[in-house]
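The block underneath contains the structure these notes are about, expressed in structure tokens.
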Amino acid sequence: HSWQEKVGTRMLMLRESEWINIFEMAGLNEVQSWRSGKDKDWAGTLVITGKK
């Protein structure tokens, strides 16, 4: 991604599996992930939810 350069902000880019692990390590349950806005040319925005 080139977001850091485009918006001038440092960003931490992690894999989906890494984000899920972080949610689970934080004690969240029922962790789910999906891609919003996905189409043939774009993987979409990663959305992850969990319950405390």
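Filtering the range 20-40 to residues that are within 18 Å of residue 51 (Cα to Cα) and either surrounded by 10 or more Cβ atoms within 10 Å (Cβ to Cβ) or touching a helix residue (DSSP H, G or I) at 6+ places or on another chain (Cβ under 8 Å) (or both) leaves 20, 21, 22, 23, 24, 26, 28, 31, 32, 33, 34.
The C-beta contact set for the range 1-19 (first residue modelled with pLDDT of 85 or more and surrounded by 10 or more Cβ atoms within 10 Å (Cβ to Cβ), second residue small (Gly, Ala, Ser) and not in a loop (DSSP other than H, G, I, E, B), distance under 9 angstrom, 6+ apart or interchain) comprises 16/33; 19/33.
The values are calculated or read from the model by the stated rules, or taken from the named source; none is laboratory data. Only a predicted model underlies this, so the values are computations on that prediction, with no experimental measurement involved. Please note: Cβ atoms are built from the backbone with ideal geometry, for glycine as well, and neighbour counts cover all protein chains shown.
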